[in-house]
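Engineer: After the C-alpha cells below, expect a handful of questions from me.
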Amino acid sequence: MPEHALTIMNAIVIPMADDTSWFRGWMTIDSEGRISDLGEGEAPPLQTGETVDAQGAFVAPGFVSAHSHIFTSGMRGMTPGDNLYGWVGTQSSFISAADEDDIYWFTLHGCLDFINNGITSAYNFTDSRVVGRYDPTTDRREIFSIRSERYLQRQVDAARDSGLRTVNSIRLDSEFQPVDQAFGVFADAVSYVTSEVPTALNLGTSVFGAVQWSEAAGAARDEVRAMDAHGIGNQAHFLETSEALDQQREKFGWYEDAGALREGFLFGHFVHPDAYMAERAASSGSGMVWQPTSNGRLGSGIADIVRYRELGMPIGVGLDDQSCTDISDPFQNMRIGMYTQRALHEDASVIMPRDMMRLHTLGSAEALGVADRIGSLEVGKFADFVVVNPSNPDTGPVWDVYASYAFACGLRNLERVYIGGTLASESGRAVHPAAGRVSDELHGRVRDAAAKTGLRLAW
C-alpha cells in the first residue's frame, strides 16, 4: 500500500493539464509534498495519512503570479489618480526610508497576503539597493544612496520564511556603481538564494530587466552578460505606459542588438509595442507577462493578448503588486483580463474561462520555465492547490465548471490554500507562526517610513 501524507476526496478536480478535463474524484499527496496520484470516482480504500473531504468543492492549482513586487504590501491606495511615472515617484520616495528590517516585514506581509489569496508561486522583483528617483522628462535617474547587500538578502529571507515558492528577480544596477562591483553583488545575490532558500521553494533567480529606466544601451548588454554568466532568464519592464512612448520604443533595439531576445526572456507588461516589436519578440522565442488589473489601475492601456497568442508568444499573468492592484485577487485579475480583451475585440469568445485559468496557472509556469514543478495538478508536481467552494456563499447551480470558477467564484469562496500538501491558509488567514505579528510590524514600520519622507497617512 503506498504511503500518503494527505488524500483529498469528493472534489471537483480541475487539473489544468492540457490533456485532462475536470472530473469528480480524488488526489493523494506524498510525504515529499508532491502529487502521487489522482483519479475519478471514489478514493482508493485504506489510504494512509490525513483525509480531507472536499464535499464537492473545486480543487484547482494554486495561482502563479508571474510578475510581482511583493514588498509594496503597505502601499495600497497610494496615489489613486496617478499614471505609472507619478505613482513610481511617490512609491520611490516612500521606500527610500526603509531599512533592511523594514523591507523584511513589508515583504513577509506581502507574501502571506499572496498565499491568503490563493497565490502559491510568484516571480518577485526584489526592491533595488539603489535609492533614487527617475525623471521621465530627462530619461535620467537621480541617485541618493546605495544600501547594503543585506537589504536585498532580507527580501529573499522573507519570501523563504513565508513558504511561498519564488523566483527571485535581482536588478543589476551596473549604471550606478563600478561595473565589476555590480556584477559581484549580483553574483553574491544569486549564490545567497541558492544557499539560503530550500530547493523546493526556490524556483530560480532572474535578471530584473530595467532598460525602460536606463540612459544608455550598455545597460542591455550588461543584463545579457548576467543572463549568460548565470544561465538565467530576464523579465524586463517594457512598454508598460503610453507616457514617453517614443522614448520607450527606442530602447527595444537596445535589447535586440544586445542579443537579449530569446527563450527565457520576458517582457513585463508589453502594452504598447508596434507590429515589428511584437512579431520580432514572438519569433525570437521571447514571452510576455500580462498584468490586467495593474494596467487598468494605472491607466497604462490594454495589452493585445489575443494578438500575442496568435503569434505564439509564451504568456504569463501577474498580480504585479499590492500598490497597483490594491487587492492581490487572482479571481478579479482573471475577470478584468477576460472582460477587457472581450471589449477590446468586441468578441465574447476571444478568451474563454479555461483559457484564462490556464494563463494564470500553467501558462505562467511555462513562461517562467518551471512548469515541470508547478502550475497544474499532475503526478510528480508539487501539491500546490486551492479549495474553492461555490456553495459558500452559494453561487447557484454549476452550468460550466470553468465558467463557474473564473466568473462566479472569488476570494469569498476560497476556503483553503495548500503548498506542498501542507495547509498554508484557511478562510483567508495564514497558518504561519508570524501571522499575528506581521500586521503590527507592517503598520508601525509604514507609519515611521512615511513620517521620515514627509508623506502622510490618512490615519
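Engineer: Scan the stretch 196-216 and give yes if some residue there is assigned to a strand (DSSP E or B) and charged (D, E, K, R), otherwise no.
Structural biologist: No, there is no match, as no residue in the stretch 196-216 is assigned to a strand (DSSP E or B) and charged (D, E, K, R).
Engineer: Another question about this same structure. Please work out which residue is nearest to the chain's Cα centre (by Cα), limiting yourself to the stretch 162-181 and to residues that are crowded, with 21+ Cβ neighbours inside 10 Å and not in a strand (DSSP E or B).
Structural biologist: First pass over the stretch 162-181, keeping only residues crowded, with 21+ Cβ neighbours inside 10 Å: 162-174.
Within this subset, residues satisfying the condition of being not in a strand (DSSP E or B) are 162-164, 171-174.
Numbers: Ser162: 15, Gly163: 15, Leu164: 11, Arg171: 16, Leu172: 20, Asp173: 22, Ser174: 25 Å.
Step by step, filter the stretch 162-181, then rank; the result is Leu164.
Engineer: Would you check if Thr166 is touching a helix residue (DSSP H, G or I) at 6+ places or on another chain (Cβ under 6 Å) and either among the polar types (S, T, N, Q) or over 24 Å from Asp113 (Cα atoms) (or both)?
Structural biologist: yes
Engineer: Just checking, which of Asp400, Asp448 is closer than 21 Å to Glu40 by Cα and open to solvent by 10 Å² or more (accessible area, probe 1.4 Å)?
Structural biologist: On inspection, the qualifying residue turns out to be Asp400.
Engineer: A further question on this structure: Of everything in the stretch 298-334, what is over 17 Å from the mean Cα position of the chain (by Cα) and not in a loop (DSSP other than H, G, I, E, B)? Give them in sequence order.
Structural biologist: Hits for the stretch 298-334 are Ile305, Val306, Arg307, Tyr308, Arg309, Glu310, Leu311.
Engineer: Yes or no: the stretch 343-356 includes at least one residue that is among the polar types (S, T, N, Q) and in a helix (DSSP H, G or I).
Structural biologist: No, there is no match, as no residue in the stretch 343-356 is among the polar types (S, T, N, Q) and in a helix (DSSP H, G or I).
Engineer: Take the residues in the stretch 328-375 that are in contact with a strand residue (DSSP E or B) (Cβ under 9 Å, 6 or more places away or on another chain) and of a type in the set (Gly, Ala, Ser); name whichever of them is most open to solvent (accessible area, probe 1.4 Å).
Structural biologist: Gly369
Engineer: From the list Gly233, Gly204, exactly one residue is on the phi < 0 side of the Ramachandran plot and either touching a Phe, Trp or Tyr at 6+ places or on another chain (Cβ under 8 Å) or in contact (Cβ under 8 Å) with a residue 24 or more places away in the chain (or both). Which is it?
Structural biologist: Just one listed residue meets the conditions, Gly233.
Engineer: Which of the residues spanning the stretch 288-305 are hydrophobic (A, V, I, L, M, F, W, C) and open to solvent by less than 20 Å² (accessible area, probe 1.4 Å)?
Structural biologist: Met288, Val289, Trp290, Leu298, Ala303, Ile305 - these are the residues of the stretch 288-305 that are hydrophobic (A, V, I, L, M, F, W, C) and open to solvent by less than 20 Å² (accessible area, probe 1.4 Å).
Engineer: Something else now. Can you find, within the stretch 230-271, the residue that is farthest from Thr126 (Cα to Cα) among those that are of a type in the set (S, T, N, Q) and under 21 Å from the mean Cα position of the chain (by Cα)?
Structural biologist: Filtering the stretch 230-271 for residues that are of a type in the set (S, T, N, Q) and under 21 Å from the mean Cα position of the chain (by Cα), the one farthest from Thr126 (Cα to Cα) comes out as Thr241.
Engineer: Kindly list, by first and then second residue, each pair from a residue in the stretch 23-42 that is surrounded by fewer than 16 Cβ atoms within 10 Å (Cβ to Cβ) to a residue that is at pLDDT below 95, limited to pairs with Cβ atoms under 6 Å and residues at least 6 apart or on different chains.
Structural biologist: Hits for this filter: Ser31/Ala5.
Engineer: Moving to a separate point now. Only one of (1) open to solvent by less than 40 Å² (accessible area, probe 1.4 Å); (2) within 20 Å of Asp99 (Cα to Cα) is not met by Arg154, so which one is it?
Structural biologist: (1)
Engineer: Select, from Ala424, Ala403, Ala458, the only residue that is among the small types (Gly, Ala, Ser) and part of a strand (DSSP E or B).
Structural biologist: Ala424
Engineer: Restricting attention to strands (runs of 3 or more DSSP E) lying wholly within the stretch 47-118, give those where 2 or more residues are open to solvent by less than 10 Å² (accessible area, probe 1.4 Å) and of a type in the set (S, T, N, Q).
Structural biologist: Strands (runs of 3 or more DSSP E) meeting the threshold: 63-68.
Engineer: Quick check on Val417: is it touching a Ser or Thr at 6+ places or on another chain (Cβ under 8 Å), closer than 29 Å to Ser31 by Cα and in a strand (DSSP E or B)? Break it down stepwise before answering.
Structural biologist: Values: touching a Ser or Thr at 6+ places or on another chain (Cβ under 8 Å): yes; closer than 29 Å to Ser31 by Cα: yes; in a strand (DSSP E or B): yes.
For Val417, the condition - touching a Ser or Thr at 6+ places or on another chain (Cβ under 8 Å), closer than 29 Å to Ser31 by Cα and in a strand (DSSP E or B) - is met.
Engineer: Search the stretch 355-381 for residues being over 23 Å from Glu32 (Cα atoms) and without any contact (Cβ under 8 Å) to a residue 60 or more places away in the chain, and hand back the single one that is nearest to the chain's Cα centre (by Cα).
Structural biologist: Taking the candidates together, the pick is Gly363.
Engineer: Out of Ala187, Ala159, report the one residue that is surrounded by fewer than 20 Cβ atoms within 10 Å (Cβ to Cβ), part of a helix (DSSP H, G or I) and among the aliphatic types (A, V, I, L, M).
Structural biologist: Only one candidate passes the filter, namely Ala187.
Engineer: Which residues, counting only those in the stretch 422-447, are closer than 18 Å to Met75 by Cα and either in contact with a strand residue (DSSP E or B) (Cβ under 7 Å, 6 or more places away or on another chain) or free of Cβ contacts under 8 Å to residues at least 24 places away in the same chain (or both)?
Structural biologist: Across the stretch 422-447, the qualifying residues are Asp440, Gly444, Arg447.
Engineer: Sticking with this structure for a sec: Could you pull out the residue among Leu411, Leu423, Leu457, Leu442 that is open to solvent by 40 Å² or more (accessible area, probe 1.4 Å) and closer than 30 Å to Val131 by Cβ? Can you show your working first?
Structural biologist: Numbers: Leu411 fails: closer than 30 Å to Val131 by Cβ; Leu423 fails: closer than 30 Å to Val131 by Cβ; Leu442 fails: open to solvent by 40 Å² or more (accessible area, probe 1.4 Å).
Every option except Leu457 fails the conditions.
The values are calculated or read from the model by the stated rules, or taken from the named source; none is laboratory data. Model, not experiment: these values are computed from the prediction. Note that each Cβ is placed from the backbone with ideal geometry, even for glycine, and that neighbours are counted across all protein chains shown. Ligands, DNA and RNA are excluded from the accessible area calculation, which covers all protein heavy atoms including side chains. Shrake-Rupley method; radii C 1.70, N 1.55, O 1.52, S 1.80 Å.
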